[in-house]
Amino acid sequence: MNEYAPDKRIQSFHPPQRTLMGPGPTEIHPRVLTTMSQPAIGYLDPVFVEMMEELKSLLGYVYQTRNPLTFPLSGPGSVGMEYCFVNLVAPGDKVVVCRNGVFGGRMVENVQRMGGEPIVVEEAWGSPVEPQKVEDALRKHPDAKVVAFVHAETSTGCASDARTLTGIAHDHDALVIVDAVTSLGGIPVHVDGWDVDAIYSGSQKCLSCTPGLSPVSFSERAVERVGRRSDKIHSWFMDMNLLLGYWGASQRTYHHTAPTNSLFALHEALLLIREEGLEDCWARHRRHHVALKAGLESMGLEFLVAEGHQLPQMNAVICPEGVDEAAVRRQLLEEFNLEIGAGLGPLKGKIWRFGLMGYSCRPENVMLCLAALGSVLSDMGLPVHVGEAEAAAHGAYAEMHADYAERRKRA
Ligand SMILES: *Cc1c(COP(=O)(O)O)cnc(C)c1O
């Protein structure tokens, strides 16, 4: 008898089959799951090293960049965030940080922990970052070294203009750090076209892979800046100069044990995007967003974010007065196996967040979600007619198909 042995009744874990329409993780394509369960190999095995090269080129495709330093970090999106800040922000550096939601707030935290001085550009939650405010902040602080912002703020469903913000930063000789955790794969991201210096994402949002990897990309300017640092970077694990020997060099050396099977999975997830075509992948996110939105609005629900700044992959709607926000989510999960997201911070209890990311972004999910929500809200006594939201979504799809047929005819 071992006194530490846990209860014998513990059995193998089998999660239920859920429809995931929250802020991530997303559902995973069966091909990705199959790939993941293949045999383990060593992280310096020549076959694995070859796969790493393909993985880097696939990431260059989704990021639209030829940056040689484009690779996945071992860790979730939060690791990508911290990696960018720990390498690019030295103690005493001024950093303009745009905050219009939860993740901008985490960037401020990061700057403080690196010993930097954050210059915070505040925006209301649900509004995009205002370029003029960034310009003003840089005029006031011409010595700012970095500008950091979130491209797609997942906590509110709002997109900011990454191209314009990057241009402003460069006009003032500052580098940019861009959070593309929710944007990558869902809306256009052009690292080379926008001349972004440092960008990070996550594997479990629009890339629809297992959580735990953070694809990053760095411009030559950023790599040089890190190489020129005279102080020792405060994290051994995250020091870019050390990791270059594994992901960046032709002769790979041990840095840490790479999560091999997760990397097989990311290779497959990116290959799926390559097969679909990146532009078609962005268009799919838009198409299902338009249909979902038509359905949600037909139920009288209002979007938090103004038209024109709404993210297709993250739809935040305001919970109607008098409705128990959490009870709706609970019922969706218990009755329909459907997970949606709650509000965070000041939006807690006030909004629902409907994700349409990656493999979760499919017509059957849009229809299930509208049917389930219509039935739950109707049960709660709201003036919602079951079936009307699906009809509205159907109408939106039909209209988009008609547009498409028309364009085809003209082409
Ligand atoms: C999810 C998310 C993160 C954090 O990613 P994790 O993988 O959860 O660590 C960072 N930024 C944004 C915008 C996100 O949506």
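The values are calculated or read from the model by the stated rules, or taken from the named source; none is laboratory data. Nothing here was measured: the structure is a model prediction, and the numbers come from that model. Methodologically, a virtual Cβ is constructed for each residue, glycine included, from the backbone with ideal geometry; neighbour enumeration extends over all protein chains shown. Protein only, heavy atoms only, side chains kept; ligands, DNA and RNA dropped before computing areas. Shrake-Rupley method; radii C 1.70, N 1.55, O 1.52, S 1.80 Å.
Here are the numbers for the structure shown:
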item: Computed lengthening from LEU382 to ALA327, 0.36 nm per intervening residue step minus Cα-Cα distance; result: 18.4 nm
item: The chain - share of DSSP beta bridges that are antiparallel (%, nearest 5); result: 50 percent
item: Shape box of the stretch 163-236 [Cα atoms, principal axes, largest first, Å]; result: 38, 34, 14
item: Carbon and sulfur %, accessible surface of the chain computed with the full protein complex present, 1.4 Å; result: 53 percent
item: Per-selection Kirkwood Rh - the stretch 17-65 (Cα, Å, 1 d.p.); result: 13.4 Å
item: Cα-Cα P(r), the stretch 278-410, percent of pairs per 5 Å interval; result: 2, 10, 20, 24, 21, 12, 6, 3, 2, 1
item: Distance histogram for the stretch 101-216 (every C-alpha pair counted, 10 angstrom bins, percent rounded to whole numbers); result: 14, 47, 34, 5, 0
item: Residues of the chain: accessible area per residue with a 1.4 Å probe, Å²; result: 45 Å²
item: Distance violations [Cα-Cα > 29 Å] among LYS293/LYS409; LYS205/LYS350; LYS56/LYS232; LYS94/LYS232; LYS205/LYS232; LYS8/LYS348; result: LYS205/LYS232; LYS8/LYS348
item: The stretch 2-44: radius of gyration and largest Cα-Cα distance (Dmax), Å; result: 16.6, 43
item: With all protein chains modelled, accessible area of VAL47 [1.4 Å, Å²]; result: 100 Å²
item: Relative contact order for the stretch 278-410, counting Cα pairs under 8 Å that sit 6 or more residues apart, in percent; result: 32 percent
item: Net length gained if the chain between HIS14 and ASP231 were fully extended (0.36 nm per residue, minus Cα distance); result: 73.3 nm
item: 16 Å cut-off, amide nitrogen to a point 7 angstrom out along HIS190 Cα→Cβ, residues in the stretch 278-322; result: 278-280, 282-283
item: The chain - Kirkwood radius from inverse mean 1/r over Cα pairs (Å); result: 22.5 Å
item: Per-bin percent of Cα-Cα distances, the stretch 30-274 [10 Å]; result: 8, 34, 36, 18, 5, 0
item: Net charge contributed by nearby residues that have their C-beta within less than 14 Å of ALA144 (K/R +1, D/E -1); result: -2
item: Stokes-Einstein D in µm²/s, Kirkwood radius over Cα pairs - the stretch 89-138 at 25 °C with 0.890 mPa s viscosity; result: 223 µm²/s
item: Calculated [θ] (222 nm, deg cm²/dmol) that DSSP helices of n ≥ 4 give over the chain, each run adding -39,500 (n - 2.57); result: -13500 deg cm²/dmol
